[in-house]
Amino acid sequence: MRNEGKAYVSFSGGQDSTVLADMAARVCQASNYELRLVFCNTGLEHPEIVKFAPKFVEWIKTQYPELDVVLEIIRPKMSFKDVVEQHGYPVIGKDISSCVKYCRQGSQWAINNFEGLDRHGNVHTYKQGMYPQWKFLVDAPFKISDACCYELKEKPFEQYEKETGRLPILGLMAYESKRRKNAYLRGGCNSFDNDRPMSTPMGYWLKQDVLWYLKRFEIPYSEAYGEIQEEWTNYKRKENKPTGKLKTTGSERTGCQFCLFAIQQDGEPNRFQRLRVDYPKLHDYCMREENGLGIKKVLDYLGYPSE
Ligand code: SF4
């Protein structure tokens, strides 16, 4: 094993990292290494996810009794409120937020992106489909930036790696975004020569693989997801039959509760409308300007309902 076995599993309590932790447990038990799970508590996690993390560790201990399992909890130095005040809101996606920030600073590549052009000013088909629709965000009366994930997630892990000398094993999957796909195509599953060496053994997995693994090996997962069930066709005049795919009956989104990334994919009720029903006080904190996060003004500007 690389780095004399000094590694850790980045464990978020979500389904992907739950699978990763189980796979790592099998390898660690067979190789006589301890299993170190590191959970970054940003304060934004779904409450069910926070409850699940220690329960899962207890389950791992019963399944792999000879394995030495350690759960470490780390925290970012900044809160989400600090991030939105100092850097800006994470809106739509990392690339869009970054582009808004740099466009406002006058970077030509970012200005070109919002015109659907490449760096040289030539029409770029992919950029045309992605950026111009969000150009109006450049004029938004609030700050926008992609700094949130770095401040709240990446930085605490980088700090942890620096202090402990451990290298990360991450549950990132290429299908999740273009950025991840490109990173996977560049580095593969084990990018040990990077500035930040890491292993991403699930890089080529799809969501269905995760669900099948959980079902096949009867691995517990957070209640936030509901149940894993087989998906059935449901065409009115045709016979109802299994599609061969799995689905979850609960939330598909268990990431940071106040995040505005991918809000455009929510439909209604969106994540904030659901938050209002499930956690009204939290919703109020999110929306209000004074002593709150001021998310209502962002949703209003984007044209999505806040309640
Ligand atoms: S997922 Fe969203 S809220 Fe969570 S750290 Fe990243 S940008 Fe911030």
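What do you reckon, is Pro90 within 26 Å of Ser222 (Cβ to Cβ) and within 16 Å of the ligand (Cβ to nearest atom)?
So Pro90 passes the test.
Residue-wise test of (1) at pLDDT 95 or above; (2) part of a loop (DSSP other than H, G, I, E, B).
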| site | (1), (2) |
| --- | --- |
| Lys245 | no, no |
| Gln257 | no, yes |
| Gly267 | no, yes |
| Ser306 | yes, yes |
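Out of the stretch 135-147, which residues are within 16 Å of the ligand (Cβ to nearest atom) and not in a loop (DSSP other than H, G, I, E, B)?
Within the stretch 135-147, the subset within 16 Å of the ligand (Cβ to nearest atom) is 137, 142-147.
Leu137, Ile144, Ala147, listed by residue number.
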Confirm whether Gln229 is surrounded by 11 or more Cβ atoms within 10 Å (Cβ to Cβ) and in contact with a strand residue (DSSP E or B) (Cβ under 9 Å, 6 or more places away or on another chain). yes
Considering only the stretch 252-267, I want to know if a residue exists there that is away from the ligand (no atom under 16 Å from the Cβ) and either under 17 Å from Ile295 (Cα atoms) or crowded, with 16+ Cβ neighbours inside 10 Å (or both). no
All but one of (1) more than 16 Å from the ligand (Cβ to nearest atom); (2) of a type outside the set (Asp, Glu); (3) at pLDDT below 95; (4) in contact with a helix residue (DSSP H, G or I) (Cβ under 6 Å, 6 or more places away or on another chain) hold for Leu44, so report the exception by its number. (1)
Residues of the stretch 148-201 classified as more than 14 Å from the ligand (Cβ to nearest atom), surrounded by 16 or more Cβ atoms within 10 Å (Cβ to Cβ) and in a helix (DSSP H, G or I), total: 6
Residue list for the stretch 37-73, filter: hydroxyl-bearing (Ser, Thr, Tyr) and assigned to a helix (DSSP H, G or I): Thr62
Got at least one residue in the stretch 117-128 being within 24 Å of the chain's Cα centre (by Cα) and either surrounded by fewer than 15 Cβ atoms within 10 Å (Cβ to Cβ) or assigned to a loop (DSSP other than H, G, I, E, B) (or both)? yes
So if I check each of Lys77, Lys61, Lys55, which one is within 16 Å of the ligand (Cβ to nearest atom), at negative phi and surrounded by fewer than 22 Cβ atoms within 10 Å (Cβ to Cβ)? Lys77
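So if I check each of Ile219, Ile263, Ile295, which one is out of contact with any helix residue (DSSP H, G or I) (no Cβ under 6 Å at 6 or more places or on another chain) and among the aliphatic types (A, V, I, L, M)?
Working: Ile219 fails: out of contact with any helix residue (DSSP H, G or I) (no Cβ under 6 Å at 6 or more places or on another chain); Ile295 fails: out of contact with any helix residue (DSSP H, G or I) (no Cβ under 6 Å at 6 or more places or on another chain).
Answer to the check: Ile263.
Within the stretch 81-94, is even one residue of a type in the set (Asp, Glu) and in a helix (DSSP H, G or I)? Steps first, please.
Going through the stretch 81-94, the residues of a type in the set (Asp, Glu) turn out to be 82, 85.
So of that shortlist, the ones also in a helix (DSSP H, G or I) come out as 82, 85.
Within the stretch 81-94 (the criterion being of a type in the set (Asp, Glu) and in a helix (DSSP H, G or I)), the answer is yes, since at least one residue qualifies.
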Based on this model, can you work out whether Lys247 counts as touching an Asp or Glu at 6+ places or on another chain (Cβ under 6 Å), within 30 Å of Asp278 (Cβ to Cβ), free of Cβ contacts under 8 Å to residues at least 40 places away in the same chain and surrounded by 13 or more Cβ atoms within 10 Å (Cβ to Cβ)? yes
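May I ask you to verify whether Leu299 is within 23 Å of Gly13 (Cβ to Cβ) and not in a loop (DSSP other than H, G, I, E, B)?
No; evaluated as a whole, the condition is false for this residue.
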So for the stretch 211-225 (the condition being of a type outside the set (Gly, Ala, Ser), under 13 Å from Leu172 (Cβ atoms) and modelled with pLDDT of 90 or more), does at least one residue qualify? no
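Report whether or not Asp278 is more than 18 Å from Trp134 (Cβ to Cβ) and away from the ligand (no atom under 16 Å from the Cβ).
On the way: more than 18 Å from Trp134 (Cβ to Cβ): yes; away from the ligand (no atom under 16 Å from the Cβ): yes.
Criteria met by Asp278.
The values are calculated or read from the model by the stated rules, or taken from the named source; none is laboratory data. Values in this document were obtained by computation on a predicted structure and should not be read as measured data. So basically every Cβ, Gly included, is an ideal-geometry build from the backbone, and we count neighbours across all protein chains shown.
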